[in-house]
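Have a look at the structure below before the remarks.
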């Protein structure tokens, strides 16, 4: 009888304990779920970086100390309850004002990282590309070597925090190769290029001669006309490149001695195209090199308004040069 009574008391206490425990667990679960979805403490948007290789608890502590979430334990258990422990991704994230811990978790679990942009202007040299990339602190690592001039396509590239510097270079090379292949297929007939690389050399000169889109096909035609007639191209930017190598700005006007410099890049002394590009040309200049305008012009000079005056004869050109020099004198 006593044994039965003891068993009865034991089972009552046991089930009471289990019931209480379950009730406490359910209450804790509901509390965590509720708190997990409550607005967070952020008073203004904030970016936050999760470094690779850290676990949920450390991420939670960092988020809490940065003021993104209110409670590290709530976040840790909330992530566990949602079954995404170990699935939080490294990267840079932007969290909006008052974001809940639940939405923080969704962003990180989904890899919704901040996308950054890096822009390279048309006509930038490879040396300048490297300097621009090195100065970007959101990128990491070294660049293996300075790429060959003309092998990179200057435009805007999207990346995320922690991407390698070399990856930007690699993407620029791929973009240039793809662009050149695409435009080369639809080029005009009877162009004096032996290979696609020649078009890039021409495009690099066009790029440095004018920033006006409407002038690029005309300048392309001028240089192609001169090539066909075996005339010197006489392009000032090629002389500048022969002096600087694309590493610095010349910072002064060209002199007669500069024009007499012995260099394969000096088109006042050497006929034909330079051996390599003098810059990294953009898509529009490559298109112009492959699709020149129809004109008999052989000369051009600045017009003082950001553009150029074109001429078919040396006599016309000399008149235009005289106008330009008068404008320079007046300014």
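Just so it is clear, none of the values below were taken in a lab; they were calculated from the coordinates. Bear in mind that the values here come from a model prediction, so they are computed numbers and not experimental data. All Cβ positions, even for glycine, are placed from backbone atoms using ideal geometry, and neighbour counts span all protein chains on display.
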Reciprocal of mean inverse Cα separation for the chain (Kirkwood radius, Å): 25.1 Å
For segment 27-109: Kirkwood Rh in Å [reciprocal of mean 1/r, alpha carbons]: 12.4 Å
For the chain, calculated [θ]222 nm from helices alone, where every DSSP H run of n ≥ 4 adds -39500 (n - 2.57): -15500 deg cm²/dmol
Helix 165-185 vs. the chain, principal-axis angle (Cα, 0 to 90°, nearest 10): 50 degrees
Degrees between helix 2-36 axis and first principal axis of the chain (Cα, 0 to 90, nearest 10): 20 degrees
Per-pair calculated FRET efficiency, R0 = 25 Å: residue 212 and residue 256 via Cβ, rounded to 0.05: 0.35
Normalised alpha carbon radius of gyration of segment 184-266 [divisor 2.2 N^0.38 Å]: 1.17
Cα long-axis angle, helix 72-81 against the chain (0 to 90 degrees, to the nearest 10): 90 degrees
Contact order relative to length of segment 175-322, as percent, for alpha carbon pairs under 8 angstrom and 6 or more apart: 31 percent
Gaussian network model of the chain, springs between alpha carbon atoms under 10 Å - residue of 97, 173, 305 with greatest fluctuation: 305
Highest-fluctuation residue, 282, 246, 123 considered, GNM on the chain with Cα pairs under 10 Å: 246
GNM flexibility winner over the chain from 321, 129, 239 (Cα, springs under 10 Å): 321
